[in-house]
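**Student:** Sharing a structure, written as structure tokens. Questions coming.
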Amino acid sequence: MILRPLLPSVLASLLLGGAAIAPKPAAAQLFPSRAVKIVVPTSPGGATDAFARALATRLSGAWVQTVLIENRAGANQILGADYVSKSAPDGYTLLVSDASSFVINPHLYRKLPYDGVKGFTPVTVLVRFPWVIAVHASVAANTFQELVAMAKVDPGKLSYGSFGLGSSAHISVDYLKNLLGIDIVHVPYKGAAPRRRSSAGR
């Protein structure tokens, strides 16, 4: 097995939609006075979803209010981010997202249905985690250098799975491929959970 850093870190952030209009809380009304919705722009079962659900449980206890999770996956997080950006700017619809919604998508798509700068108010960075490369035990490589050598000897023979076209994992490995001059076939899955189940089932 190989475990090596691929990129320094990926951020998951909590954001408030509808930032273009300043919210106007009712006088003497404590927040939250009703259920809060956290939108996760990815499919259920992945790291972003799991973290958001753990966060919802903690917030629900702290606020003594229901905190709901709603998965709005699709189009490399565009559907979920767009939904939150157009929600009422009252703090009751939040977005938990990684770099795709605000850093990657503006570079991949000529036009987005939301403005990543004006459509949201950042609340906080929730977590930082490193990228790693892990290979199946059947792969005859014990170091990162050996894996790169294998890829150069047999271009296109090795493949890697990511949680979708245009995802941070896809872009990161494509950058690595260009940097090292290697050819590894990309196999995109519809989210992190299907990719993880496929890898575990080998």
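**Student:** Excluding residues fewer than 8 places away in the same chain, name every one of the lysines whose C-alpha is closer than 24 Å to that of LYS86.
**Tutor:** Straight-line reach from LYS86, under 24 Å: LYS24, LYS37, LYS111, LYS118.
**Student:** I would also like to ask the following. Explain nothing, just compute: Karplus ³J(HN,Hα) = 6.51 cos²θ - 1.76 cosθ + 1.60, θ = phi - 60°, for every residue of the range 66-83 in order, whole Hz, x for Gly and Pro.
**Tutor:** 5, 10, 9, 10, 10, 7, 10, 7, x, 6, 6, 6, 5, 4, x, 5, 5, 4
**Student:** Also, quick follow-up: For q values of 0.14, 0.18 Å⁻¹, compute log₁₀ I(q)/I(0) with the Debye formula on a Cα-only model of the range 34-141, without solvent.
**Tutor:** Results for the range 34-141 at q = 0.14, 0.18 Å⁻¹ read -0.61, -0.91.
**Student:** Also, quick follow-up: Mind checking which aspartates and glutamates have their Cα closer than 15 Å to the Cα of LYS157? Skip sequence neighbours fewer than 8 apart in that chain.
**Tutor:** By straight Cα distance, LYS157 reaches GLU146, ASP183.
**Student:** Which value in nm describes the separation of the simple spin-label points at ALA137 and LEU179, placed 7 Å from the Cα toward the beta carbon?
**Tutor:** Each label point is offset 7 Å from its Cα along the Cβ direction, giving 3.0 nm.
**Student:** Considering only protein heavy atoms, what per residue accessible area in square angstrom results for the range 87-175 with a 1.4 angstrom probe? Mind showing how you got there, number by number?
**Tutor:** Working: 4990 Å² over 89 residues.
Solvent-accessible surface per residue comes out at 56 Å².
The values are calculated or read from the model by the stated rules, or taken from the named source; none is laboratory data. Because the structure is a prediction, the values reported are computed rather than measured. So basically every Cβ, Gly included, is an ideal-geometry build from the backbone, and we count neighbours across all protein chains shown. Ligands, DNA and RNA are stripped out before the accessible areas are found, and what is left, the full protein with its side chains, is counted by its heavy atoms. Shrake-Rupley method; radii C 1.70, N 1.55, O 1.52, S 1.80 Å.
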